[in-house]
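For reference, the structure discussed in these notes is given below.
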Amino acid sequence: MKQLRVGMIGYKFMGKAHSNAYRSLPMFFPKALKPEMVAICGRNASAVQEAADQLGWRESVTDWKQLVNREDIDLVDINAPSDAHKEIALAAAKAGKHIFCEKPLALTLADAREMLQAAEDAGVTHMVGFNYRFSPAVRLAKKLIDSGRLGQIYHFRAWFLQDWIMDPQFPLVWRLQKEVAGSGSHGDLGAHLIDLAHYLVGDMQEVIGMSKTFIKERPIASEMTGLSAKGSEGGPMGQVTVDDATLFMTRFENGALGSFEATRFAAGHRSTNSFEINGSLGSVKFDFERMNELEVYFTTDDEDVQGFRRVLATDPVHDYMEAWWPPGHTIGFEHTFTHEFLELSNAISEGRQPVPNFADGVKCQAVLEAVDKSIEERRWVQLSEM
């Protein structure tokens, strides 16, 4: 198998990111399976055809059920809104297709577990889209932790701050509707932080949280594209049914303590996805707005030069960077998706499950729901309860 024939469902924000990754993969990672962009699917025939022309897909279709059963499709890529993930993934598994699904994996933990079970029963490759794991600087943090250079981990604190819906007149997009998105900043932004915590530090034991919806009504959206939308001034209003901000604390199974903040109401923060990890021998700090850098501190440095140092993770020694540009020539958001699909391609070639896969999606969903349960019942919730 030298080619991977892809059918993609969804064509806006993530559809564009995925399409770019499929086109970049063979150019920079020529040993990987070459993606063949067979068909792209969406409900609006003219819009999805325009997307096919722009993004480089061979054809466009409007019936995803027909797409997942085609014999010329090996991989089904799901980046439609969250409420569609489960039905499409179950159908793809039944059809024996490999599956890539954007996060959060499902609207509920029960649905996520059903998706994982279906994929395992079908024996197909499955992956969930936590792309921030694939930043070279994050991979460097992982290496420092796993090698013991930070010592015993004491703290993981993370925050994902945005401000794109602060205007009360910003329309009611699907990400603000629980029946479509599942949750607001918690599941959209917090899910990434939870996955990074699992990847870097380990499993969580218990959580306690709080949340707030600051703007409870918004104009009904007349048009939505990615994170932008239009609504009619003076038109009908709709209820916001998700959180605008969620904060929670956790105890990890290894004894570390964690704190998490996800909000879309942090003025001046376009997409501040950051974490700091403190260990007995050192610390690391990361901010995705400066994604090529990792700040590193070691307690073993001589006293007169102690302090955080900036490591530019663009040398060939850093994960993935040998395929890109000379040292110091940085990469961006879109490259994390190329690295993500490299992992998927390699996993299919090697007959293994990629990481992160649906099991990681289930684990993330368990934390999301444990936090929700904690907020509702105003108590610490054990992950074993989920």
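The values are calculated or read from the model by the stated rules, or taken from the named source; none is laboratory data. Just so it is clear, the model here is predicted, and its values are computed rather than measured. Cβ atoms come from the backbone with ideal geometry, glycine included; neighbour counts cover every protein chain shown. These area figures cover heavy atoms from the full protein model, side chains too; ligands, DNA and RNA do not enter into them. Shrake-Rupley method; radii C 1.70, N 1.55, O 1.52, S 1.80 Å.
Quick check on Arg352: is it surrounded by fewer than 19 Cβ atoms within 10 Å (Cβ to Cβ), touching a strand residue (DSSP E or B) at 6+ places or on another chain (Cβ under 7 Å), more than 30 Å from Gly184 (Cα to Cα) and of a type outside the set (Ser, Thr, Tyr)?
Details: surrounded by fewer than 19 Cβ atoms within 10 Å (Cβ to Cβ): yes; touching a strand residue (DSSP E or B) at 6+ places or on another chain (Cβ under 7 Å): no; more than 30 Å from Gly184 (Cα to Cα): yes; of a type outside the set (Ser, Thr, Tyr): yes.
Judged against the criteria, Arg352 is not a match.
Consider segment 70-81 and keep the residues that are farther than 18 Å from Gln49 by Cβ and out of contact with any strand residue (DSSP E or B) (no Cβ under 6 Å at 6 or more places or on another chain). The one that is modelled with the highest pLDDT is Glu71. Just to be sure, is Asp360 closer than 30 Å to Ala106 by Cα and open to solvent by less than 70 Å² (accessible area, probe 1.4 Å)? Criteria met by Asp360.
In segment 19-44, the residues that are touching a residue at least 24 places away in the same chain (Cβ under 8 Å) and more than 25 Å from Ala84 (Cα to Cα) form Cβ pairs under 7 Å with partners that are of a type in the set (Gly, Ala, Ser) and open to solvent by 20 Å² or more (accessible area, probe 1.4 Å), at six or more places apart or across chains, as follows: Arg23/Gly56; Phe28/Ala323; Phe29/Ala323; Leu33/Ser349.
Among the residues of segment 73-93, not a single one is at positive phi and among the small types (Gly, Ala, Ser).
Remark: Asp72 matches the filter, which requires a residue to be among the charged types (D, E, K, R), under 27 Å from His339 (Cβ atoms) and part of a loop (DSSP other than H, G, I, E, B).
For segment 149-165, taking the residues that are among the aromatic types (Phe, Trp, Tyr) and touching a helix residue (DSSP H, G or I) at 6+ places or on another chain (Cβ under 6 Å), the one that is farthest from Gly202 (Cα to Cα) is identified as Phe160.
Of the residues making up segment 234-262, those that are open to solvent by 70 Å² or more (accessible area, probe 1.4 Å), modelled with pLDDT under 95 and on the phi < 0 side of the Ramachandran plot are Pro236, Met237. Residue count for segment 264-301 under the criterion of being closer than 22 Å to Trp164 by Cα, surrounded by 18 or more Cβ atoms within 10 Å (Cβ to Cβ) and out of contact with any Asp or Glu (no Cβ under 9 Å at 6 or more places or on another chain): the result is 2.
Each residue in segment 11-40 was checked for being farther than 25 Å from Met321 by Cα and either open to solvent by less than 10 Å² (accessible area, probe 1.4 Å) or in contact with a His (Cβ under 7 Å, 6 or more places away or on another chain) (or both), and 3 pass.
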